[in-house]
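Computed from the coordinates by the stated procedures, all read-outs in this text should not be read as laboratory data. All values derive from a computational prediction rather than experimental measurement. For neighbour counting, all protein chains shown are included, and Cβ atoms are generated from backbone atoms with ideal geometry for every residue, glycine included.
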Amino acid sequence: MTFHELGLIKPILEALTDLGYEKPSPIQEKAIPPALAGRDVLGCAQTGTGKTCAFAAPILQRLNGEIPAGRPIRALILTPTRELALQIEESFEAYGRRLPLRSAVIFGGVGQQPQVDRLKKGVDILVATPGRLLDLQGQGYVDLSRLEIFVLDEADRMLDMGFIHDVRRVLKLLPAVKQTLFFSATMPPEVMDLVNGLLKNPVKVAVDPVSSPVEIIDQSVYLVDKGNKTRLLAWLVEGLDVKNAIVFTRTKHGANKVAADLVKAGITAAAIHGNKSQTARQQALADFKAGKVRCLVATDIAARGLDIEELSHVFNYNLPEVPETYVHRIGRTGRAGHGGTAVSFCDFGEQQYLKDIEKLIGRKVPVAQNNPWPMEVFEAPRDARGRPVNADDAEARAAAKERRRARDAANKAAAEARKAKQQAAAALAEEPVPAPEAAEAPARKRRRRKKSGQSQAAEQAVSLEVQAPASGPEPEQPKKKSRRGVRQQRLEDTMPASPSQPQTDFYKPNPLDGDVILDATARLLAPRPRTLSRPAAPRREEEKPARRKKANAQPGQEKKTREQASAKPRKEKKAEKPAAPRQEQPKGSGRREDGRRRSRGRRNGPPEVMFRRDSQKDSTEQPSLMKPYYMTPDD
Ligand code: AMP
């Protein structure tokens, strides 16, 4: 069978030839003809079978022709993850490069403006993740009322990731008459519920069940202790002449650690998981695809749906608990007919997982004999009460606990510093102050303080000067300096002295610390460490008059300056009433009516949490709730 025989038009055939597709894959052979004829299709196929082309080619062909007035969205592809959404849109671009159709992709985790701009220009085909689609639809940027074709991709993962309600909300936005193409690797009852409500007399197409890659992949397992796994991995990456590999770890912490250890061993590696920012994930993937990074160390969820062609090796650094996951993982190598190598590590505690895998695939995974670090520990690790524990989970939990402890300590120190500052300010407010100074604008006060306190030594000298009993009338200027110096000194005495203690009002992690990767915006918004040397002060001094000048010239900015000035006394008032703070705010403030947290604008200061911490779960990191249920070709 050829693509030509499937009835595809010349521009699409040429694009497929350009991509090196010689003949259709089984899912393409079965799904393209009915989809071209306008029938609903229920496809049971997983990523790697060529299912994207199976729906993209017919969509492009059916939409080709006259573009309706207003250029409405005529095809929507709903997919669970950002990575998958990007890849599908890239495929539409590639297959439709000789057609005048426009496609766009929208997904969360990044700024919406570029996506909105693209939508405003008009798109024929929209690829979307559910959350961002609903968001933009709610804002009026997406109109689905003229939709002709709807694709629900990876429906089982939608359920798995808890997107079912969002999917149902999207379905309500679609016109009743449309063509639906529905793809899912598995068909659990919840998916079948969706199918029954959505598809009309569908053509069912199923390709090889999920265990098919097992046949063509060279598999082996190394029985090795947990402590020797990284050493063995580095040895194998060099020894097996690995071109590019995905290394699967059980935890995000493990992914970071393995990537770092590989780098230490001189092997280029990057970690990819739900705690990394979208930018960091895309960068890691791009570097891997470009060959700049040899090993991509990933958690299962982060790796699913990644379209990486010609992956030479898959390493199971940890064996998965769910045996089907093993098949998914090794299926990443040997894609589109290419053979590949899958190497697994199994420590004593993982032996049961290996047995489960072998039961599922119906064969033994050969144990590698050339193992320089054979297993020596024949005892599963146990917790303090003697119960067996998973060592990797325990390690990840300990690391998370340590991070939490450091964060709590920093928060506590910051709270104490804030309290001390408030007390000092309250004490100062009670002290009798000469009238002219009290009336002095706070900004001016600060400037003067800076002048008088260029260095700590100078400040101390001033302070000593005040403490000495006045032996006679002092010149006016030094006396004023002394009073300010004392106040400043007292204030600073109440603040944390150690540079390691945070000097911000609330703890914010340093973006350059540890494995935290922020995208560019977050990096800009992140707090700079406040050091005692205050190197930026002289520049601010220079900038201020210029700014004031500008404010005088521009009425809008003048208003802003007035607002700023009026904001100051309010702050001082707050200092007088330290008991006032948050409880007095109306309950639920900072939250939207729907209970979700309102995003905090720059005007209110940077958001308290700039990026995910370990305690927060990324939606892509939810454990599977589904029981595998595979549709057979007879279903
Ligand atoms: P998919 O299952 O759609 O994610 O496709 C998996 C991979 O197979 C992608 O890299 C496609 O570019 C590739 N592919 C899809 N169809 C074919 C085909 N007929 N011949 C060769 N490669 C294909």
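Converting phi to 3J(HN,Hα) with the Karplus coefficients 6.51, -1.76 and 1.60 and the offset θ = phi - 60°, the stretch 278-284 yields 4, 4, 5, 5, 5, 5, 4 Hz in sequence order, with x at every glycine or proline. Applying a DSSP loop filter and a limit of 14 other Cβ atoms within 10 Å to the GluC sites (Glu not before Pro) in the stretch 1-50 leaves Glu22. Reported to the nearest whole Å, the Cα centre-to-centre distance from the stretch 142-200 to the stretch 311-335 is 28.
Remark on Gly43: its backbone amide H falls under 5 Å from those of Phe182, Phe183, Ser184, Val205, a criterion applied only to residues 5 or more positions apart or on other chains, H modelled at 1.01 Å from N. Structure shown: which of Lys257/Lys401; Lys243/Lys264; Lys257/Lys289; Lys264/Lys292; Lys229/Lys401 lie over 20 Å apart, alpha-carbon to alpha-carbon? Listed pairs above 20 Å: Lys257/Lys289; Lys229/Lys401.
Annotation: amide H of Ala271 within the under-5 Å range of Val297, sequence separation 5 or more or interchain, hydrogens built in the peptide plane.
Please state the shape class of the stretch 244-351: rounded when a/c is under 1.5, otherwise prolate if a/b exceeds b/c and oblate if not, all from the C-alpha gyration tensor. Note, shape of the stretch 244-351 comes out rounded. Model label points for Ala406 and Glu14, set 7 angstrom from Cα along the Cα-to-Cβ axis, are 5.7 nm apart. For the stretch 137-202, what does the alpha-carbon gyration tensor say about shape, rounded, prolate or oblate, given a ≥ b ≥ c as the root eigenvalues, a/c under 1.5 as rounded, and a/b over b/c as prolate? Judged from the Cα gyration tensor, the stretch 137-202 comes out oblate (a/c at least 1.5, b/c at or above a/b).
Can you work out the FRET efficiency for the pair Glu358 and Ile67, with r the C-beta to C-beta distance and R0 = 60 Å, to the nearest 0.05? All intermediate terms of the calculation are to be shown ahead of the outcome.
Numbers: r = 55 Å, r/R0 = 0.91.
Once the sixth-power term is evaluated, E becomes 0.65.
Each residue in Arg82, Arg39 was given a count of other beta-carbon atoms within 10 angstrom of its own, and listing them fewest first yields Arg39, Arg82.
Which of the peptides 410-416, 348-354 is most tightly packed, and how do the rest follow, judged by the mean count of other Cβ atoms within 10 Å per residue? Numbers along the way, then the final one.
Values: 410-416: 15.0, 348-354: 18.6.
The peptides rank, most packed first, as 348-354, 410-416.
Packing order of peptides 381-390, 162-171, 89-98, 313-322, highest average first: 313-322, 89-98, 162-171, 381-390 (average count of other Cβ atoms within 10 Å over each peptide's residues).
Phi-derived couplings, Karplus 6.51 cos²θ - 1.76 cosθ + 1.60 at θ = phi - 60°, listed residue by residue for the stretch 133-143: 4, 5, 4, 6, 5, x, 7, x, 8, 10, 10 Hz, with x used for Gly and Pro.
Close amide H partners of Val127, meaning residues 5 or more places away or on another chain with modelled amide H under 5 Å apart, are Ile77, Ala104, Val105, Ile106. Counting other Cβ atoms within 10 Å as a rough exposure proxy, the listed residues Lys355, Lys226, Lys51 run Lys355, Lys226, Lys51 from fewest neighbours to most. Projecting the Cα atoms of Gly48, Pro100, Thr17 onto the charge dipole of the stretch 16-128, computed from C-beta unit charges around the Cα centre, puts Pro100 farthest toward the positive end.
How much length would be gained if the chain were fully extended between Leu171 and Arg397, taking 0.36 nm per residue of separation minus their Cα-Cα distance, in nm to one decimal? Working shown, then result.
Values: separation 226, 0.36 × 226 = 81.36 nm, distance 3.95 nm.
Extra length from Leu171 to Arg397 when fully extended: 77.4 nm.
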